[in-house]
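The values are calculated or read from the model by the stated rules, or taken from the named source; none is laboratory data. Values in this document were obtained by computation on a predicted structure and should not be read as measured data. Don't worry about glycine lacking a Cβ; one is built from the backbone with ideal geometry, like all the others, and counts go over all protein chains shown.
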Amino acid sequence: MITIIFDTETTGLIKNAAKPLSMQPSIIEFGGIKVDEELNEIDRINFMVNPRVPLPPIITKITGITKDDLRDAKPFSHHFDALVGFFKGCERMIAHNLPFDRNMMLFELKRMGAEYRFPWPSIHTCTAENGKSLFNGKYTKLEKMYEHFYNKDPKQTHRAVGDCEILLDVARALNKEGVL
(Lines give C-alpha, C1' and ligand atoms only; values in the text may rest on other atoms or scores of the structure.)
Protein backbone atom coordinates (compact mmCIF):
# COMPACT_ATOMS: atom_id res chain seq x y z
CA MET A 1 0.00 0.00 0.00
CA ILE A 2 1.44 3.37 -1.04
CA THR A 3 0.92 6.05 1.61
CA ILE A 4 1.30 9.83 1.68
CA ILE A 5 2.51 11.38 4.94
CA PHE A 6 1.81 15.09 4.80
CA ASP A 7 1.73 18.34 6.72
CA THR A 8 0.66 21.91 6.07
CA GLU A 9 1.74 25.22 7.52
CA THR A 10 -1.04 27.78 7.44
CA THR A 11 -2.04 31.36 8.13
CA GLY A 12 -3.93 30.26 11.24
CA LEU A 13 -6.44 27.90 12.77
CA ILE A 14 -9.69 26.78 11.18
CA LYS A 15 -12.68 28.94 12.06
CA ASN A 16 -16.20 27.77 12.84
CA ALA A 17 -17.66 25.84 9.90
CA ALA A 18 -20.37 28.50 9.56
CA LYS A 19 -17.74 31.07 8.55
CA PRO A 20 -17.36 31.65 4.80
CA LEU A 21 -14.44 30.14 2.92
CA SER A 22 -12.92 33.60 2.53
CA MET A 23 -12.46 33.77 6.31
CA GLN A 24 -10.79 30.37 6.62
CA PRO A 25 -6.98 30.18 6.81
CA SER A 26 -4.77 29.44 3.84
CA ILE A 27 -1.86 27.07 3.32
CA ILE A 28 1.58 28.71 3.20
CA GLU A 29 3.67 25.53 2.95
CA PHE A 30 2.93 21.94 1.96
CA GLY A 31 5.16 18.95 2.60
CA GLY A 32 4.63 15.32 1.76
CA ILE A 33 6.57 12.07 1.87
CA LYS A 34 5.40 9.08 -0.15
CA VAL A 35 6.19 5.70 1.45
CA ASP A 36 5.76 2.02 0.63
CA GLU A 37 4.11 -0.68 2.78
CA GLU A 38 7.17 -0.92 5.05
CA LEU A 39 7.13 2.88 5.48
CA ASN A 40 10.28 3.35 3.42
CA GLU A 41 10.50 6.66 1.58
CA ILE A 42 9.79 6.60 -2.15
CA ASP A 43 9.42 10.30 -2.98
CA ARG A 44 8.77 13.70 -1.43
CA ILE A 45 7.23 17.03 -2.32
CA ASN A 46 7.59 20.46 -0.70
CA PHE A 47 6.55 23.92 -1.77
CA MET A 48 5.73 27.34 -0.39
CA VAL A 49 2.38 28.97 -1.20
CA ASN A 50 1.58 32.64 -1.53
CA PRO A 51 -1.69 32.85 0.43
CA ARG A 52 -2.51 36.28 -1.01
CA VAL A 53 -3.58 37.42 2.45
CA PRO A 54 -1.47 39.06 5.16
CA LEU A 55 0.72 36.66 7.15
CA PRO A 56 -0.05 37.04 10.87
CA PRO A 57 3.06 37.78 12.99
CA ILE A 58 2.27 34.81 15.27
CA ILE A 59 2.69 32.46 12.28
CA THR A 60 6.12 33.91 11.55
CA LYS A 61 7.00 33.45 15.21
CA ILE A 62 5.88 29.77 15.16
CA THR A 63 7.23 28.74 11.75
CA GLY A 64 9.93 31.25 10.93
CA ILE A 65 8.20 31.80 7.57
CA THR A 66 8.09 35.49 6.67
CA LYS A 67 6.13 37.50 4.12
CA ASP A 68 9.40 37.82 2.19
CA ASP A 69 9.62 34.01 1.98
CA LEU A 70 6.16 33.97 0.39
CA ARG A 71 6.51 37.02 -1.86
CA ASP A 72 7.65 35.06 -4.94
CA ALA A 73 5.80 31.84 -4.05
CA LYS A 74 3.06 30.70 -6.41
CA PRO A 75 -0.58 30.33 -5.34
CA PHE A 76 -1.83 26.88 -4.33
CA SER A 77 -3.52 26.42 -7.72
CA HIS A 78 -0.10 26.50 -9.40
CA HIS A 79 0.84 23.30 -7.52
CA PHE A 80 -2.39 21.42 -8.24
CA ASP A 81 -1.07 19.22 -11.06
CA ALA A 82 2.05 18.29 -9.07
CA LEU A 83 -0.09 17.40 -6.04
CA VAL A 84 -2.45 15.30 -8.15
CA GLY A 85 0.54 13.44 -9.58
CA PHE A 86 1.98 12.93 -6.12
CA PHE A 87 -1.29 11.63 -4.61
CA LYS A 88 -2.54 9.66 -7.61
CA GLY A 89 -2.60 5.93 -6.98
CA CYS A 90 -1.93 6.26 -3.25
CA GLU A 91 -4.25 4.30 -1.01
CA ARG A 92 -3.66 5.96 2.36
CA MET A 93 -2.79 9.36 3.76
CA ILE A 94 -1.41 10.02 7.22
CA ALA A 95 -1.18 13.28 9.14
CA HIS A 96 -0.96 14.27 12.79
CA ASN A 97 -4.34 15.86 13.47
CA LEU A 98 -5.47 14.74 10.03
CA PRO A 99 -8.82 16.58 10.09
CA PHE A 100 -6.96 19.92 10.22
CA ASP A 101 -4.55 19.24 7.35
CA ARG A 102 -7.22 17.54 5.22
CA ASN A 103 -9.58 20.48 5.73
CA MET A 104 -6.82 22.94 4.86
CA MET A 105 -6.28 21.14 1.57
CA LEU A 106 -10.04 21.05 0.99
CA PHE A 107 -10.29 24.83 1.54
CA GLU A 108 -7.59 25.41 -1.08
CA LEU A 109 -9.22 22.98 -3.52
CA LYS A 110 -12.60 24.68 -3.02
CA ARG A 111 -11.05 28.10 -3.64
CA MET A 112 -9.97 26.87 -7.07
CA GLY A 113 -13.12 24.83 -7.78
CA ALA A 114 -11.21 21.53 -7.79
CA GLU A 115 -12.51 19.78 -4.67
CA TYR A 116 -14.10 17.00 -6.76
CA ARG A 117 -11.08 16.51 -9.02
CA PHE A 118 -8.55 15.59 -6.37
CA PRO A 119 -7.49 11.91 -6.00
CA TRP A 120 -8.00 11.55 -2.26
CA PRO A 121 -6.68 8.24 -0.91
CA SER A 122 -9.46 6.04 0.43
CA ILE A 123 -7.84 5.41 3.84
CA HIS A 124 -7.37 8.42 6.14
CA THR A 125 -5.18 7.87 9.21
CA CYS A 126 -4.62 10.33 12.04
CA THR A 127 -1.60 9.60 14.22
CA ALA A 128 -2.99 11.80 17.00
CA GLU A 129 -6.17 9.70 17.10
CA ASN A 130 -4.46 6.33 16.63
CA GLY A 131 -1.87 7.12 19.28
CA LYS A 132 -4.44 7.83 21.99
CA SER A 133 -4.49 4.18 23.06
CA LEU A 134 -0.80 4.45 23.99
CA PHE A 135 -1.16 7.76 25.84
CA ASN A 136 -3.98 7.14 28.33
CA GLY A 137 -6.65 8.02 25.79
CA LYS A 138 -5.31 11.55 25.40
CA TYR A 139 -4.40 13.59 22.35
CA THR A 140 -0.61 13.91 22.31
CA LYS A 141 1.41 16.42 20.32
CA LEU A 142 3.65 15.11 17.59
CA GLU A 143 6.88 16.15 19.30
CA LYS A 144 5.81 14.48 22.58
CA MET A 145 5.07 11.23 20.73
CA TYR A 146 8.49 11.39 19.10
CA GLU A 147 10.17 12.02 22.47
CA HIS A 148 8.26 9.06 23.96
CA PHE A 149 9.39 6.65 21.24
CA TYR A 150 12.93 7.89 20.62
CA ASN A 151 13.94 9.48 23.97
CA LYS A 152 15.16 12.67 22.32
CA ASP A 153 13.87 16.07 21.27
CA PRO A 154 12.85 16.01 17.60
CA LYS A 155 13.92 19.64 17.10
CA GLN A 156 10.55 20.41 15.57
CA THR A 157 10.66 23.53 13.44
CA HIS A 158 6.99 23.74 12.45
CA ARG A 159 8.00 23.48 8.83
CA ALA A 160 6.09 21.10 6.60
CA VAL A 161 8.81 18.67 5.49
CA GLY A 162 10.56 18.69 8.86
CA ASP A 163 7.27 17.80 10.53
CA CYS A 164 6.70 15.07 7.90
CA GLU A 165 10.06 13.55 8.76
CA ILE A 166 9.15 13.49 12.47
CA LEU A 167 5.71 12.16 11.57
CA LEU A 168 7.21 9.35 9.51
CA ASP A 169 9.32 8.26 12.49
CA VAL A 170 6.23 8.40 14.75
CA ALA A 171 4.20 6.44 12.17
CA ARG A 172 6.90 3.75 12.14
CA ALA A 173 6.78 3.55 15.94
CA LEU A 174 2.96 3.41 16.00
CA ASN A 175 3.05 0.73 13.32
CA LYS A 176 5.49 -1.29 15.45
CA GLU A 177 3.07 -0.91 18.38
CA GLY A 178 0.25 -2.20 16.16
CA VAL A 179 -1.92 0.91 16.35
CA LEU A 180 -1.38 2.40 12.90
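All conditions but one from (1) part of a strand (DSSP E or B); (2) aliphatic (A, V, I, L, M); (3) touching a residue at least 60 places away in the same chain (Cβ under 8 Å) apply to residue 65; the one that does not is (1).
A single entry from 53, 84, 49 fulfils the requirement of being out of contact with any helix residue (DSSP H, G or I) (no Cβ under 7 Å at 6 or more places or on another chain), over 18 Å from residue 171 (Cβ atoms), at pLDDT 95 or above and β-branched (Val, Ile, Thr): 84.
Listed conditions (1) on the phi < 0 side of the Ramachandran plot; (2) in a loop (DSSP other than H, G, I, E, B); (3) of a type in the set (Lys, Arg) are all met by residue 52, apart from (1).
Residues of region 14-40 being among the acidic types (Asp, Glu) and either in a loop (DSSP other than H, G, I, E, B) or surrounded by fewer than 18 Cβ atoms within 10 Å (Cβ to Cβ) (or both), which ones? Selection gives 36, 37, 38.
Restricting 14, 28, 94 to those that are in contact with a helix residue (DSSP H, G or I) (Cβ under 7 Å, 6 or more places away or on another chain) and over 19 Å from residue 162 (Cα atoms) reduces the list to 14. Across region 16-48, the qualifying residues are those that are of a type in the set (A, V, I, L, M, F, W, C) and within 14 Å of the chain's Cα centre (by Cα), and the one among them that is farthest from residue 111 (Cα to Cα) is 33.
Taken across region 165-178, residues that are part of a loop (DSSP other than H, G, I, E, B) and at positive phi do occur, with at least one present.
Taking the conditions (1) without any contact (Cβ under 8 Å) to a residue 40 or more places away in the chain; (2) under 27 Å from residue 143 (Cα atoms); (3) small (Gly, Ala, Ser) in turn, residue 113 satisfies each one other than (2). Restricting 96, 79 to residues that are farther than 28 Å from residue 145 by Cα, modelled with pLDDT of 95 or more and surrounded by 14 or more Cβ atoms within 10 Å (Cβ to Cβ) narrows the list to 79.
Here's the yes/no breakdown for (1) over 11 Å from residue 27 (Cβ atoms); (2) assigned to a helix (DSSP H, G or I); (3) touching a residue at least 24 places away in the same chain (Cβ under 8 Å):
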| residue | (1), (2), (3) |
| --- | --- |
| 47 | no, no, yes |
| 61 | yes, yes, no |
| 82 | yes, yes, yes |
| 86 | yes, yes, yes |
| 89 | yes, no, yes |
| 93 | yes, no, yes |
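Which ones in region 135-144 are assigned to a helix (DSSP H, G or I) and crowded, with 17+ Cβ neighbours inside 10 Å? Correct list: 142, 143.
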